[in-house]
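**Student:** Quick one: structure below, then a few questions.
The values are calculated or read from the model by the stated rules, or taken from the named source; none is laboratory data. Quick caveat: nothing in here was measured; it's all calculated off a predicted structure. Cβ sites come from the backbone with ideal geometry, for glycine too, and all protein chains shown count toward neighbours. Accessible surface areas use protein heavy atoms only, side chains included; no ligands, DNA or RNA. Shrake-Rupley method; radii C 1.70, N 1.55, O 1.52, S 1.80 Å.
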Amino acid sequence: VANGYDHVVATVMSNLGTEQAMNAKGISMERTAVGDRYVLERLLETGEKLGGEQSGHIILPEISTTGDGLLAAVQVLRAVAVSGKALSEWRDEVTMLPQCLVNFPVADKTKLHSPEVEEYVRVKTAELGQAGRILVRPSGTEPLARVMVEAPDAENLAREMAHHIEELVS
């Protein structure tokens, strides 16, 4: 695997298409809670060299322990130059799955872990199989529930699920 990156750390919000592209290159991807602090924590625990989150916070702990956009850009340019490939060729190796995030207000976030909600999510996840991914989680900063779906019909499924889960927790 190029540059010794056989394992990366990303958050649960990172697109499944990224994980699939990494796996195709022999790179495993471990997911953490949302937030670059969790990515950094796991990088330091494992000694891995690369992590980040979908928002663009890329962490290279051998160089810096914070997500630095300029540093990430320089490292990407360096890797592109070494590879001899155009950046567009790299981009074409990743097929991002359509992703939709729907939020709704929730007074008691613990209800998102009720047996009814967990069973509903399990059934919907099984229906998707390998074609997508579902994540239901409380917001860490607001009184909201977040329903994220990655699938060919992500928007409709996310809205349907958010509506149903909102009814279950109300």
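**Student:** With point charges of +1 on the Cβ of Lys and Arg and -1 on the Cβ of Asp and Glu, referenced to the Cα centre of region 1-102, which listed residue (G51, M13, W90) lies farthest in the positive direction of the dipole?
**Tutor:** So the residue we want is W90.
**Student:** Evaluate 2.2 N^0.38 Å with N set to the residue count of region 30-71, then give the Cα radius of gyration divided by it. Walk me through the intermediate numbers first.
**Tutor:** Working: Rg = 9.1 Å, N = 42, 2.2 N^0.38 = 9.1 Å.
That works out to 0.99 for region 30-71.
**Student:** In debye, nearest 20, what is the charge dipole magnitude of region 100-143 about its Cα centre with +1 on Lys and Arg Cβ and -1 on Asp and Glu Cβ, if you could check?
**Tutor:** The dipole of region 100-143 has a size of about 140 debye.
**Student:** When the dipole is taken about the Cα centre of region 34-170, and only Lys, Arg (+1) and Asp, Glu (-1) are charged at their Cβ, what size is it in debye, to the nearest 20? Write out the running numbers ahead of the final one.
**Tutor:** On the way: 14 positive and 22 negative charges, 55 e Å.
In debye, rounded to 20, region 34-170 gives about 260.
**Student:** Here's something else I'd like to know. On average, how much accessible surface per residue is there in region 1-120, in Å², for a 1.4 Å probe, leaving out ligands, DNA and RNA?
**Tutor:** That works out to 59 Å² per residue.
**Student:** Here's a follow-up. Which lysines have a Cα less than 28 Å from the Cα of K109, not counting those fewer than 8 places away in the same chain?
**Tutor:** K124
**Student:** Okay, moving on. Rounded to the nearest 10 Å², what accessible area does L71 show when all protein chains are kept and the probe is 1.4 Å?
**Tutor:** We get 40 Å² for L71.
**Student:** Let me check something: with ligands and nucleic acids excluded, how do R42, R146 order by accessible area (1.4 Å probe), largest to smallest?
**Tutor:** Ranked list, largest accessible area first: R42, R146.
**Student:** Taking Cα pairs under 8 Å and at least six residues apart, what relative contact order does the chain come out at, in percent?
**Tutor:** Relative contact order of the chain: 19 percent.
**Student:** Hey, another quick one. Please compute P(r) over all alpha-carbon pairs of region 83-150, binned at 5 Å starting from zero, and give each bin as a whole-number percent.
**Tutor:** Each 5 Å bin holds this share of Cα pairs: 3, 15, 18, 18, 14, 10, 8, 6, 5, 3, 0.
**Student:** Over the Cα atoms of the chain, what is the Rg over Rh ratio if Rh follows Kirkwood?
**Tutor:** Using only Cα positions, Rg/Rh for the chain is 1.01.
**Student:** Give the relative contact order (percent, whole number) for region 89-150; include only Cα pairs under 8 Å separated by 6+ residues.
**Tutor:** This gives 44 percent for region 89-150.
**Student:** Ignoring GluC sites (Glu not before Pro) that are buried or in helix or strand per DSSP, and keeping those with at most 14 other beta carbon atoms within 10 Å, what is the longest stretch of the chain between them?
**Tutor:** Result for the longest clean stretch: 94-170.
**Student:** So how exposed is K109, as accessible area in Å² (1.4 Å probe, rounded to 10)?
**Tutor:** Surface open to solvent at K109 totals about 60 Å².
**Student:** Identify all lysines with a Cα-Cα distance to K49 below 25 Å; exclude those on the same chain that are fewer than 8 residues away in sequence.
**Tutor:** Output for K49: K25, K85.
**Student:** Using only Cα positions of region 1-86, each an equal point scatterer, no hydration layer, compute I(q)/I(0) via Debye at q = 0.26 Å⁻¹ and quote the log10 values to two decimals.
**Tutor:** -1.48
**Student:** So, with a 1.4 angstrom probe, what is the percent of accessible area on the chain that is carbon and sulfur?
**Tutor:** Working: 5390 of 9690 Å².
Percent of accessible area from carbon and sulfur atoms in the chain: 56.
**Student:** Same structure, new question: Determine the shape class of region 43-129: with a ≥ b ≥ c the square roots of the Cα gyration tensor eigenvalues, call it rounded for a/c under 1.5, and otherwise prolate if a/b is greater than b/c, oblate otherwise.
**Tutor:** prolate
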